[in-house]
Amino acid sequence: LHRFRLRPDVFSLLMAVLVLDRLDRGAPTAKPSAEAADVAGGRRRALHLFVLCALWTNLHPGVVVAPVFALAQWGMARFRTGGLAFVACLAGASLRPRGPLDLIDIAYETARTGPLVPEWQGLWAFEPLRFPGEWILLLLIGGATLATIFRGSVADEGRRLGGRRLLELMALGLGGRAIRLLYFLAWPAVGTLERLAPLVRARPAWGRAAL
């Protein structure tokens, strides 16, 4: 509880992954047979996103990234599902005293004061030995994500090829943009593990358990 009061940004660690997971379920699929099911679940997915963003916006201002992710994913998804997701994220995030104006203020103040706050600067702004663990995490997850994303679609098994990769690349970019945003690396890390999982299905039990 003391940690939550001092650094409420810990809520964004959880909410970011939950929102990205909901958006990922609306990403385009490579299977034509999945179109009907995807459209049918669009309203339910939009409701989930609205509730998550409404909760997130009252816990931490990091919610401003949710509509941005939804807008980017909209370009990869069908209009009906992608549009509903964007509207749901924007409406939920706007449940603040001044509505969407608060979101604009948050984005503006973050951009204006970011260069003055060490936590909002990238790792490259400091000496490598100052944050060795963070550098290892960024290089490991970033390298594995890029390698598995561009290696082909074998491990993806035809599922959510375009939208999922776009969301992972955006999350990877945010994680590398500022120390404060390193928690976004959790999403590409999960995607990388999912793509690597089929590669060890035939391996020994200890290898599958480790992955």
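Assorted remarks:
Condition check ((1) open to solvent by 50 Å² or more (accessible area, probe 1.4 Å); (2) under 17 Å from residue 65 (Cβ atoms); (3) part of a helix (DSSP H, G or I)) across all residues:
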| position | (1), (2), (3) |
| --- | --- |
| 86 | no, yes, yes |
| 90 | yes, yes, yes |
| 101 | yes, no, yes |
| 108 | yes, yes, yes |
| 111 | yes, yes, yes |
| 114 | no, yes, yes |
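- Against the criterion of being open to solvent by 60 Å² or more (accessible area, probe 1.4 Å) and within 21 Å of the chain's Cα centre (by Cα), residue 137 qualifies.
- Scanning region 29-45 turns up no residue that is within 24 Å of residue 189 (Cβ to Cβ), part of a helix (DSSP H, G or I), open to solvent by 40 Å² or more (accessible area, probe 1.4 Å) and at pLDDT 80 or above.
- Scanning region 116-152 for residues that are at pLDDT below 80 and either touching a Leu at 6+ places or on another chain (Cβ under 6 Å) or part of a helix (DSSP H, G or I) (or both) yields one hit, 128.
- All positions within region 116-133 that are farther than 13 Å from residue 180 by Cα and surrounded by 14 or more Cβ atoms within 10 Å (Cβ to Cβ): 126
The values are calculated or read from the model by the stated rules, or taken from the named source; none is laboratory data. As the structure is a prediction and not an experimental result, all values here were calculated from the model. Cβ atoms come from the backbone with ideal geometry, glycine included; neighbour counts cover every protein chain shown. Just the protein is used for accessible areas: all its heavy atoms, side chains included, with ligands, DNA and RNA removed. Shrake-Rupley method; radii C 1.70, N 1.55, O 1.52, S 1.80 Å.
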